[in-house]
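Notes follow once the structure below has been shown.
The values are calculated or read from the model by the stated rules, or taken from the named source; none is laboratory data. All figures in this text were calculated on a predicted structure; none of them were measured in a lab. As a convention, Cβ positions derive from the backbone with ideal geometry for all residues, glycine included, and neighbour counts pool all protein chains shown.
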Amino acid sequence: MQEFARTAAAIAGTTSTLEKRRLLAAYLRPLPEAELRRAAVFLTGQPYGRAERRTLNLGWATVARVVETLSDRSPDQLSGLYRQHGDIGDWAAAAVAGRPGGEDLPLTEITRHLDEIGAAGSTAERDRLLTALLGRLSTEEVRYLVKVLTGELRIGLQEGLVEAALADAFEVPLEGVRRVHMVTGDIGETAVQAKRGDLETARLTAFQPFRFMLASPVETPGEAFARMVTTPLWTEEKYDGVRCQLHRAGDRAELFSRDLKATTQTFPELVEAAVTLEHDLVVDGEVLAYRGRSVAPFMDLQRRLGRKVVSAKLRGEVPVVLVAFDLLALDGALLVDLPLRERRHRLEELGLSWPFLLARVEEAHQVQDLERIFAETRERGNEGLMVKDPESLYQPGRRGMAWLKVKRPLATLDCVVTAVEWGHGKRHGVLSDYTFAVQDEATGELRNVGKAFTGLTDQEIAEMTTWFLEHTLADHGHTRLVEPTVVVEVAFDAIMRSPRHRSGYALRFPRIARLRPDKPAGEIDTVGRVEELFRRYFDRYQPLAQVAEVEPDDAPA
């Protein structure tokens, strides 16, 4: 563990991607296979790889509680340390600083202890086991193990860089490493196969989810058209649902969410229907809520998310469909190296029926076509537009220019900042999370509608931190209530009803478009304006005929 911590610190200490890659390759090269497997997983910032299907159930609160027991500092001192560092791993190291050196446990032994913690039957037992483990480690080992346990490694590594370092370490082709990782879904297994020089025997594994292909955002249809080489372009409406990957093999089917976690229990009727299909397959698509023959707002679908059991009553209240837009594997054959045009053809040949639909594809031959299609899809209440190169291959985990998404904000609202929070990670030491409100025109009171932490430059955040510190009304440690005079223009993708906010609404995916020093707080938008936008665009259902090419004749009424 000591060498892992030293390497992680060295990688964090350089901004050069090439140097990070060199350091990583040098660390990985001499490791025996068992240690290599664990190191590769830890370097992705997780205690377990995706293929292991394991979770620790260790939240920040548990880790913080254990670190506090190992520290000789007071609660006020610990709180101050967190505001200073803004990173739970760095905070943990500062909290236990001055302790004697650790025992340098192998990563395999660390993992064995983590297995015991994950299997603990009570909170007290979990705390005891974690306390014992962290108590055997040095300050730097505590720093990096805590970062791994909380998924906050933050040393400038992505899985792609780990793949590149494996290729360098064992002198094998990078594309071969990427393919093994794609097929196995396991960076630890990929590392071992790279060490062995065995990149040809990896085979498609049933129910091992692929990383999803990602789309690059663009601001306008014109920019999307300019970025593409092939014409005509394919467009699909960007649905306001949950992206899922459907796997079906034999008499079994499973669904996986965008973070590659099983979400089968959330949408059991889709899994039940998939079992009856005639082919083994892997489909990429979007799960949408519907009633009758119309797509329901995302807030309806949200009622299902996070539930361990979806009751028959809830299934009846919020039925779902899967709109399929890509076919990644068919009857054991991987299709990702085929162009989208061919993958789509094979998807259409499957003859899917309710509750499976096909995404409606529309061609754009010129930028005016894209402008029209985009305007129509936004008017129907969709998030935006997907623009795809019909000749593109499916590149798991990659965000290139073959798929683009146009998500121009539907509208912006002028809001006033009511509270701010200390940031963490690279934004520790500054107030970067802004809670904002609109005005209740009936009473003149401010009603919160959301919180955002993106959109401003580092310089703007630093300047506003100074201002907020001087205009704090109440200091609650991590959060400060501030004078409601700073106006920000907020962009968003959707509006939802929300019992958590006194306004009754919440903005979905809000981000700060700009500061509005030119605008007084008395001229911000109102709850009435929020309600107007909600009723116009989001408090309605979208006909399925505008979503899918499959006419839902067999859909439930």
Just checking, does the range 191-204 include any residue being closer than 24 Å to Ala8 by Cβ, of a type outside the set (Ser, Thr, Tyr), in contact with a Lys or Arg (Cβ under 7 Å, 6 or more places away or on another chain) and outside the structural domain of Asp326 (by TED's automatic domain parsing)?
yes
I'd like to verify a number: residues in the range 350-388 that are small (Gly, Ala, Ser), modelled with pLDDT of 85 or more and touching a helix residue (DSSP H, G or I) at 6+ places or on another chain (Cβ under 7 Å), how many?
1
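What residue, of Gln208, Gln158, is under 24 Å from the mean Cα position of the chain (by Cα) and surrounded by fewer than 17 Cβ atoms within 10 Å (Cβ to Cβ)?
Working: Gln208 fails: surrounded by fewer than 17 Cβ atoms within 10 Å (Cβ to Cβ).
Exactly one of Gln208, Gln158 is under 24 Å from the mean Cα position of the chain (by Cα) and surrounded by fewer than 17 Cβ atoms within 10 Å (Cβ to Cβ), namely Gln158.
Do any strands (runs of 3 or more DSSP E) lying entirely in the range 380-492 carry at least 2 residues that are within 25 Å of the chain's Cα centre (by Cα), in contact (Cβ under 8 Å) with a residue 60 or more places away in the chain and closer than 29 Å to Glu159 by Cα, and which ones are they?
Values: elements: 384-388, 399-406, 412-422, 431-439, 446-452, 472-475, 479-482, 487-491.
Here the list reads 384-388, 399-406.
Specify the residue that is surrounded by the fewest Cβ atoms within 10 Å (Cβ to Cβ); the eligible residues are those in the range 4-46 that are among the acidic types (Asp, Glu) and under 27 Å from Leu260 (Cα atoms). Walk me through it before giving the result.
Filtering the range 4-46 down to residues among the acidic types (Asp, Glu) leaves 19, 33, 35.
From the residues that got through so far, the ones that are under 27 Å from Leu260 (Cα atoms) too are 33, 35.
Values: Glu33: 13, Glu35: 17.
Among those residues, the one meeting the criterion is Glu33.
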Considering only the range 390-405, I want to know if a residue exists there that is in contact with a Phe, Trp or Tyr (Cβ under 8 Å, 6 or more places away or on another chain), under 29 Å from Ala296 (Cα atoms) and crowded, with 21+ Cβ neighbours inside 10 Å.
no
Give me the pairs, please: first residue somewhere in the range 11-28 and under 13 Å from Ala40 (Cα atoms), second residue anywhere and hydroxyl-bearing (Ser, Thr, Tyr) and modelled with pLDDT of 95 or more, beta-carbon distance under 6 Å, and either six or more positions apart or on two chains.
Tyr27/Thr7
Residue set Ala132, Ala165; condition over 27 Å from the mean Cα position of the chain (by Cα), over 27 Å from Arg427 (Cα atoms) and among the hydrophobic types (A, V, I, L, M, F, W, C); output residue Ala132
Give me a count of the residues in the range 113-124 that are exposed (fewer than 14 other Cβ atoms within 10 Å of the Cβ), over 27 Å from the mean Cα position of the chain (by Cα) and in a helix (DSSP H, G or I).
2
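Can we say Ile187 is within 21 Å of Asp259 (Cα to Cα), in contact with a His (Cβ under 9 Å, 6 or more places away or on another chain) and not aromatic (Phe, Trp, Tyr)? Can you show your working first?
Working: within 21 Å of Asp259 (Cα to Cα): yes; in contact with a His (Cβ under 9 Å, 6 or more places away or on another chain): yes; not aromatic (Phe, Trp, Tyr): yes.
Spelling it out, Ile187 is indeed within 21 Å of Asp259 (Cα to Cα), in contact with a His (Cβ under 9 Å, 6 or more places away or on another chain) and not aromatic (Phe, Trp, Tyr).
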Within the range 389-414, residues being touching an Asp or Glu at 6+ places or on another chain (Cβ under 7 Å) and at pLDDT 85 or above number 6
Looking at the range 211-237 only, could you name the residues that are surrounded by fewer than 22 Cβ atoms within 10 Å (Cβ to Cβ), under 19 Å from Gln366 (Cβ atoms) and polar (S, T, N, Q)?
Thr220, Thr230, Thr231
Residue in the range 199-217 that is among the hydrophobic types (A, V, I, L, M, F, W, C), farther than 27 Å from Glu272 by Cβ and free of Cβ contacts under 8 Å to residues at least 60 places away in the same chain present:
yes
For the range 275-290, how many residues are touching a strand residue (DSSP E or B) at 6+ places or on another chain (Cβ under 6 Å) and without any contact (Cβ under 8 Å) to a residue 40 or more places away in the chain?
1
Given the condition closer than 23 Å to Thr263 by Cα, assigned by TED's automatic domain parsing to the domain that holds Leu358, among the charged types (D, E, K, R) and under 23 Å from the mean Cα position of the chain (by Cα), answer yes or no: does some residue in the range 217-239 qualify?
yes
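The rows are residues; the columns are (1) in a loop (DSSP other than H, G, I, E, B); (2) surrounded by fewer than 19 Cβ atoms within 10 Å (Cβ to Cβ).
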{"residue": "Ala94", "(1), (2)": "no, no"}
{"residue": "Ala97", "(1), (2)": "yes, yes"}
{"residue": "Leu105", "(1), (2)": "yes, yes"}
{"residue": "Arg126", "(1), (2)": "no, no"}
{"residue": "Leu137", "(1), (2)": "yes, no"}
{"residue": "Leu145", "(1), (2)": "no, no"}
{"residue": "Leu153", "(1), (2)": "yes, no"}
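Quick check on my filter: what residues within the range 9-51 are assigned to a helix (DSSP H, G or I) and of a type in the set (D, E, K, R)? Show your work before the answer.
Going residue by residue through the range 9-51, those that are assigned to a helix (DSSP H, G or I) are 9-12, 17-28, 33-43, 50-51.
If the condition is that a residue be assigned to a helix (DSSP H, G or I) and of a type in the set (D, E, K, R), then Glu19, Lys20, Arg21, Arg22, Glu33, Glu35, Arg37, Arg38, Arg50 are the ones that fit.
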Tally the residues that are out of contact with any strand residue (DSSP E or B) (no Cβ under 6 Å at 6 or more places or on another chain) and among the hydrophobic types (A, V, I, L, M, F, W, C), restricting the search to the range 311-326.
2
For the range 52-89 the number of residues that are over 27 Å from the mean Cα position of the chain (by Cα), in a loop (DSSP other than H, G, I, E, B) and surrounded by 15 or more Cβ atoms within 10 Å (Cβ to Cβ) is 2
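How about the range 299-309: which of its residues are part of a loop (DSSP other than H, G, I, E, B) and either surrounded by fewer than 17 Cβ atoms within 10 Å (Cβ to Cβ) or outside the structural domain of Ser257 (by TED's automatic domain parsing) (or both)? Steps first, answer last, please.
First, the residues of the range 299-309 that are part of a loop (DSSP other than H, G, I, E, B): 303-309.
Arg303, Leu305, Gly306, Arg307, Lys308, Val309 - these are the residues of the range 299-309 that are part of a loop (DSSP other than H, G, I, E, B) and either surrounded by fewer than 17 Cβ atoms within 10 Å (Cβ to Cβ) or outside the structural domain of Ser257 (by TED's automatic domain parsing) (or both).
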